[in-house]
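Data block below; observations after.
The values are calculated or read from the model by the stated rules, or taken from the named source; none is laboratory data. These numbers come from a predicted model, not from an experiment. Here the Cβ positions follow ideal geometry from the backbone for every residue, glycine too, while neighbour counts run over all protein chains shown. For accessibility, only protein heavy atoms count, side chains too; no ligands or nucleic acids. Shrake-Rupley method; radii C 1.70, N 1.55, O 1.52, S 1.80 Å.
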Amino acid sequence: MTDVRIGSEAVDGPGALFSGPRSQSTANALRVAVLSTADGLVAALAVLLLRAAGNGLSPSGAVGTLVPEAFVGATLFVGLHAICGLYGVWRANPLKQFQFRVISALILAALGAIYHFADIPWVLLIAGTAALFGSLVFFGLAMATFARKFLMSMGLWYRPAVLVGPSAQTAAMGLALENTEDHAFQIVSHATVKTCLAQPHHDEHCALLISTGDYREDLRIAGELPFRSVIILNDVGMLQTVDLWAQPVGDAFGIEVRHNLLAPNTLFIKRAIDVMLTAPALLVALPIILVAGAAICVIDPGNPLFRQKRVGHQGRTFNVLKLRTMCTDAEERLNDYLNSNADAAAEWKRCKKLKNDPRIIPFIGNFLRQSSIDELPQLWNVLRGEMSLIGPRPFPQYHLDEFDPRFVALRQAVMPGLSGLWQITSRSDGDLATQERADTFYIRNWSIWLDLYVLAYTVPAVVTRRGAR
């Protein structure tokens, strides 16, 4: 019989395929308990803080009113998440989970507004509802991330799965899944179709079947495998994968691929969101920009603003605005450094960035970059309609020259962004290939929800300085 690989050990025999130290039902129960507790705490604290800010805490109020309201809020929030399937982690991708969280927070905030409609002036009611909604979304995302990492450390996050297919393909797919931090599956074994068919029926694991390329054959094999759940893996490259719609057409089965970027109404909504969020954000950012600009002038005299030609929508060039983080003689410093350091020259060719960049202004330059404060003037570019809040980063021509022309044409079909999928995943840690994969995925799978998802995770990425330099 063909060996079945479990972890790093090859074990011969049918029984080895489905061995495991912990019952999956127990793991599921523990996972649900941790996730629901995290969500309940977020909802309870959000309700308590909002009510305390509005009415003040008194001994009678804390016991008689606040605690029951917090309990009801927590119960409703957890119940909504359970209905949406958020506690079955493998049933929804991260974007779907984000959608469900936003919708649940909106429902709970609306119920709170209805409950207090007659008690609170409408101005405070609107402000309180918005504060409750924002707290539930952003603190909920933070707490969910913490809970997920805890469950990962305990071995309770992933759904155990058997990767089924030819050994060479399962090895490559297994490596890809291992390198995906938030993936919902943990590969407990690799096996061929023949090996799996010799096993008894098993409910604890699902099967990830690598497609043969013939969908009829895939469906036949999936129907014969001794698993309650079989997922057929078909590599579609960089095509749309987030919202593929299954559509019955007569007696046939079809998959609908929607080109959201071609929908003018949706693009109008995207622009409206840009304007509504950017205008107040620019007012808040202006004092920070002025203070940072003054510090730049003190350390390295010169214009604190940096303008550079970037290629934007439909290939049009525009001046992107940044706070200057490089010395005024930056180009000379770069050329001298690359000519004298072969490793740095290779790094520059691969990433167009340097970990130890000699051009950076001392003391303040790295801080401005790592905190992304240097990007704040680009809010003006967004307000002018030259950029969007979310999209592929606008690159100078020399950077675009390193990419495949087809990818460059794809990038220029959309508005460049202040933040993007690349920024919340790898940021400056990614090479050109990583940037291409992230930007292509974003463009192919674009939606308003994807923009909101990136926007929500941009702040944590900046705060943690993930890959920033």
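Each row is one residue, and each column tells you yes or no for (1) open to solvent by less than 60 Å² (accessible area, probe 1.4 Å); (2) modelled with pLDDT of 90 or more; (3) in a helix (DSSP H, G or I); (4) not charged (D, E, K, R).
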{"position": "Thr2", "(1), (2), (3), (4)": "no, no, no, yes"}
{"position": "Leu17", "(1), (2), (3), (4)": "yes, no, yes, yes"}
{"position": "Val42", "(1), (2), (3), (4)": "yes, yes, yes, yes"}
{"position": "Ala62", "(1), (2), (3), (4)": "yes, no, yes, yes"}
{"position": "Val67", "(1), (2), (3), (4)": "no, no, yes, yes"}
{"position": "Trp90", "(1), (2), (3), (4)": "yes, no, yes, yes"}
- Item | In the range 113-131, the residues that are open to solvent by less than 60 Å² (accessible area, probe 1.4 Å), hydrophobic (A, V, I, L, M, F, W, C) and either at positive phi or in contact (Cβ under 8 Å) with a residue 60 or more places away in the chain (or both) | Ile120, Ala131
- Picking from Val188, Val137, the residue that is among the β-branched types (Val, Ile, Thr) and part of a strand (DSSP E or B) would be Val188
- Query: Among the candidates Arg350, Arg324, Arg359, which residue alone is closer than 24 Å to Pro396 by Cβ and in contact with a Cys (Cβ under 8 Å, 6 or more places away or on another chain)?
  - Reply: Arg359
- Message: Can you say whether Ala110 is without any contact (Cβ under 8 Å) to a residue 40 or more places away in the chain and open to solvent by 20 Å² or more (accessible area, probe 1.4 Å), as far as the supplied structure shows?
- Response: yes
- Could you check, for the range 166-182, whether at least one of its residues is in contact with a strand residue (DSSP E or B) (Cβ under 9 Å, 6 or more places away or on another chain), of a type in the set (A, V, I, L, M) and buried (at least 17 other Cβ atoms within 10 Å of the Cβ)? yes
- Where in the range 350-438 are the helices (runs of 4 or more DSSP H), entirely inside, with at least 2 residues that are at pLDDT 85 or above and surrounded by fewer than 20 Cβ atoms within 10 Å (Cβ to Cβ)? 365-370, 378-383, 397-400, 405-411
- Conditions (1) at pLDDT 80 or above; (2) at negative phi; (3) surrounded by fewer than 16 Cβ atoms within 10 Å (Cβ to Cβ); (4) not acidic (Asp, Glu): number failed by Val193: (3)
- Item | Cross-chain or 6+ apart pairs with Cβ under 9 Å, the range 266-284 first and under 17 Å from Ser419 (Cα atoms), then modelled with pLDDT under 90 and aromatic (Phe, Trp, Tyr) | Lys270/Trp446
- Query: Hey, any hits in the range 327-335 for a residue that's open to solvent by less than 50 Å² (accessible area, probe 1.4 Å), touching a residue at least 12 places away in the same chain (Cβ under 8 Å) and under 30 Å from Ala456 (Cβ atoms)?
  - Reply: no
- Matching entry among Arg310, Arg359 (being farther than 30 Å from Lys270 by Cα and among the basic types (Lys, Arg)): Arg359
- Scanning the range 290-302 for residues that are surrounded by 12 or more Cβ atoms within 10 Å (Cβ to Cβ) and either of a type outside the set (A, V, I, L, M) or over 30 Å from the mean Cα position of the chain (by Cα) (or both) gives Gly293, Ala295, Ile296, Cys297, Ile299, Asp300, Gly302
- Message: Considering only the range 303-321, I want to know if a residue exists there that is more than 29 Å from the chain's Cα centre (by Cα), hydrophobic (A, V, I, L, M, F, W, C), surrounded by 16 or more Cβ atoms within 10 Å (Cβ to Cβ) and under 26 Å from Val275 (Cα atoms).
- Response: yes
